[in-house]
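The values are calculated or read from the model by the stated rules, or taken from the named source; none is laboratory data. These figures come from a predicted structure and were not determined experimentally. We place every Cβ from the backbone using ideal geometry, glycine too, and count neighbours over all the protein chains shown. Just so you know, the surface numbers come from the protein's heavy atoms only, side chains and all, with ligands and any DNA or RNA stripped out. Shrake-Rupley method; radii C 1.70, N 1.55, O 1.52, S 1.80 Å.
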Amino acid sequence: MSRPIHHLYAPHLNAQATRAATLIWARTHHNPDQSTRLEVLLTKRSEEASFAPGAYVFPGGKIDPADESHAAAYLALHPNCKWTCVQASQICAALRESFEELGLVLVQDESGSRMPSAQIEKLFRHEDLYAQLSNLKWTLCIESPHLLCHWITDRDWPIRFDVPFFVVACPDDLHPSSDEKEQFDPLWMSPAEALKKNQADQLHLVYPTIKTLERLQSLESAQALLDATKHNEPWFSSCARAGFLGGKKHRYMEHEGAFGELALVCPEGQVQHHLDWQSERAVALLKNVARLTAPNPGLMTGPGTNTYIVGTPESGFIVIDPGPALAEHLERICHATGGDIRHIICTHSHADHSPGAKPLQAMCKKACPLIWGLPSAPTARANSVFVPDQACTDGHAFVLQDERSGIAHTLRVVFTPGHAANHICLVLEEEGLFFSGDHILNGSTTVVDPPDGNMNAYLASLERLRALCVSEHIEFILPAHGHVLGNAFGAPFDPVHLIDNLRAHRLKREAKIKDVLRLDPKGDLSTWVKRAYDDVPERVWPAALRSLSAHVERLVEMGLEFELSLKAQEQLKHTSKVLEL
């Protein structure tokens, strides 16, 4: 965890999240053309509500002690129930709230048979539901709903809820009727229609409802929804974070690109950070870490190459990846550091990372910092030749020390060949984060370009970084392209989770490549790429061709069951040349 003394904003005390539960009622609409569509029930909250007034939501509410009591009694009679006591209590709350607000409830008799609507009419919505059920010897149908997802209201809200979303099919004989006090205007809508109306400002939806509806768009029926949730494993669990983009507040879930940066910069959920890309000035991420993005955006560089500046005016600075030799970018680095640069470190020798090192060194007036890194291998392309002043050793530590306060900033080198033969990453030990260079990117997978790049080495380096994240509880990854990645250690999409996903993605791609080669063993790289990467835009294929060749080389080393065509073998021998489609 990063040191609080280096956080940019004052601590913010988050409101305690109240335990609650939500129930999505679903039904299947049959279209005239014999097709079907999923519809879900949305209902409008009172304009006087303290939380999300006037918004259309799924029914639900707080968990009461009575919900817990009914759940415990049910579980005592049904020891093989799939739910825990906590989950059963959540379902009880969701069903009870649905009944009180909309007259919708699922109840069963002692034999487990569901009571039809004619029998449910015996229940009065404004009287204690559980007392009525007890008198009739009925119970709620606790095992009918399925778990869909889990939301915790964003940290910046004054009223917060910790709420699982359950789904259930609405029987044909049940019809919603709002209480006209808390809920109004119940609507059956397809997810796509609800989202369209929201975009047109015709239907007010809150963020969790929008994101949940987006996940439901592809389903065609209530049964498809039940089938997709039958294992009761949540599709996601999220406590979103907010930042500014284009001057407007935007929220991001854990899997979205900006979440990690917001988690690092605003850990308590303060809505302060601007996510817009610009190259004019350094963006503070911590008091001792800033990012200055070079003005070299493009297909391979994304918004531009990130130069990172570590340190403070009291300790001096280390510059990581000065980027291309662009005068205006190097001048901005000097301005951001006051010219007090103690070390310049290049994660690897590619043309968008290292050429700025020498001219930046020459611009330093207070001292002449050494340029560190690993020299480029003979396999490097002509525009990626790099010779540092001093070669790094694996595990070498660069220490900046504020002599007055004793505060240190320690960067440790980790050898990570794969993207390039001379690639390194750097761990900022005191803050629990690492600078990944091009080994891990935000928004795309890195290119592994033989012969300087090697897929076996890349995957082995990934494993090494994963082990490091586990042993040192690393929480954030600062890539050379894109926003910060990560989350609190052990939370969804923390670095361990991200690396596991990245490795799984690579191996899934490799399996697809293997299938393509098996079906077309006489083909070559230019024909294989169109099939193996048919899920990415064609403009990406030239770059994908390089990673394809790395995967093919790895498969050859692992022992393919057949021989490649002579043309493919010749292409692999000359991968130091730019591969053309």
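Among the residues here, D276 does not qualify as among the charged types (D, E, K, R), under 30 Å from A357 (Cβ atoms), crowded, with 18+ Cβ neighbours inside 10 Å and more than 16 Å from the chain's Cα centre (by Cα). Determine, yes or no, whether G260 is at pLDDT 95 or above, open to solvent by less than 20 Å² (accessible area, probe 1.4 Å) and in a loop (DSSP other than H, G, I, E, B). Spelling it out, it is not the case that G260 is at pLDDT 95 or above, open to solvent by less than 20 Å² (accessible area, probe 1.4 Å) and in a loop (DSSP other than H, G, I, E, B). Taken together, L572, L566, L502, L468 contain a single residue that is out of contact with any Cys (no Cβ under 8 Å at 6 or more places or on another chain), in contact (Cβ under 8 Å) with a residue 40 or more places away in the chain and farther than 30 Å from L264 by Cβ, which is L572. Quick check: anything in region 42-50 out of contact with any Gly (no Cβ under 7 Å at 6 or more places or on another chain), β-branched (V, I, T) and more than 17 Å from A194 (Cα to Cα)? No, there is no match, as no residue in region 42-50 is out of contact with any Gly (no Cβ under 7 Å at 6 or more places or on another chain), β-branched (V, I, T) and more than 17 Å from A194 (Cα to Cα). If you filter region 428-443 down to residues that are acidic (D, E) and surrounded by fewer than 24 Cβ atoms within 10 Å (Cβ to Cβ), you find that the one that is nearest to the chain's Cα centre (by Cα) is E431. Checked against the criterion of being within 14 Å of W25 (Cα to Cα) and either open to solvent by 50 Å² or more (accessible area, probe 1.4 Å) or more than 22 Å from the chain's Cα centre (by Cα) (or both), the candidates D173, D179, D201, D185 yield just one match: D173.
When N383 is tested against (1) open to solvent by 40 Å² or more (accessible area, probe 1.4 Å); (2) touching an Asp or Glu at 6+ places or on another chain (Cβ under 7 Å); (3) not in a loop (DSSP other than H, G, I, E, B), only condition (2) is not met.
With respect to C149, is the statement that it is open to solvent by 10 Å² or more (accessible area, probe 1.4 Å), touching a residue at least 60 places away in the same chain (Cβ under 8 Å), under 24 Å from K211 (Cα atoms) and in contact with a strand residue (DSSP E or B) (Cβ under 9 Å, 6 or more places away or on another chain) true? No. Scanning region 94-128 for residues that are within 38 Å of the chain's Cα centre (by Cα) and either basic (K, R) or over 20 Å from V40 (Cα atoms) (or both) gives a single hit, R96. Being over 24 Å from C81 (Cα atoms), of a type outside the set (D, E, K, R) and modelled with pLDDT of 95 or more: is that true of A192 here? For A192, the condition - over 24 Å from C81 (Cα atoms), of a type outside the set (D, E, K, R) and modelled with pLDDT of 95 or more - is met. Condition first: of a type outside the set (A, V, I, L, M) and either surrounded by fewer than 22 Cβ atoms within 10 Å (Cβ to Cβ) or modelled with pLDDT under 95 (or both). Now tell me which residues in region 455-478 satisfy that. The answer is N456, E463, R464, R466, S471, E472, H473.
Quick check on my filter: what residues within region 95-140 are open to solvent by 30 Å² or more (accessible area, probe 1.4 Å) and among the hydrophobic types (A, V, I, L, M, F, W, C)? Result: A118, F124, A131, L136. Counting the residues of region 286-325 that are under 21 Å from V265 (Cβ atoms), open to solvent by less than 20 Å² (accessible area, probe 1.4 Å) and not in a strand (DSSP E or B) gives 6.
Let's see how each residue does on (1) of a type in the set (K, R); (2) over 30 Å from S2 (Cβ atoms); (3) open to solvent by 30 Å² or more (accessible area, probe 1.4 Å); (4) in contact with a Leu (Cβ under 8 Å, 6 or more places away or on another chain):
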position	(1), (2), (3), (4)
L195	no, yes, no, yes
D227	no, yes, yes, no
R241	yes, no, no, yes
H250	no, no, yes, yes
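The residue list A391, A421, A380 contains one member that is out of contact with any Lys or Arg (no Cβ under 9 Å at 6 or more places or on another chain), at pLDDT below 95 and under 24 Å from P450 (Cα atoms), which is A380. If the condition is being closer than 20 Å to E570 by Cβ, buried (at least 16 other Cβ atoms within 10 Å of the Cβ) and in contact with a helix residue (DSSP H, G or I) (Cβ under 8 Å, 6 or more places away or on another chain), then region 500-529 contributes I513, V516, L517, G523, D524, L525, S526, W528, V529.
Considering each residue of region 91-106 in turn, at least one proves to be among the polar types (S, T, N, Q) and part of a helix (DSSP H, G or I).
Just one of the listed residues (I91, I63) is closer than 22 Å to W157 by Cα and more than 27 Å from the chain's Cα centre (by Cα), namely I63.
For (1) under 34 Å from the mean Cα position of the chain (by Cα); (2) farther than 21 Å from D438 by Cα; (3) β-branched (V, I, T), each residue gets a yes or a no:
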site: K530; (1), (2), (3): yes, yes, no
site: V536; (1), (2), (3): yes, no, yes
site: V540; (1), (2), (3): yes, no, yes
site: S549; (1), (2), (3): yes, no, no
site: L560; (1), (2), (3): no, yes, no
site: L564; (1), (2), (3): no, yes, no
site: A568; (1), (2), (3): no, yes, no
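Among the residues making up region 51-91, those that are farther than 21 Å from P208 by Cβ and either in contact with a His (Cβ under 7 Å, 6 or more places away or on another chain) or of a type in the set (A, V, I, L, M) (or both) are A66, A71, A72, A73, L75, A76, L77, A88. Contact map, region 229-245: residues that are within 16 Å of T212 (Cβ to Cβ) paired with residues that are of a type in the set (S, T, N, Q) and open to solvent by 10 Å² or more (accessible area, probe 1.4 Å), Cβ distance under 8 Å, separation 6+ or inter-chain. Pairs shown: C239/T153.
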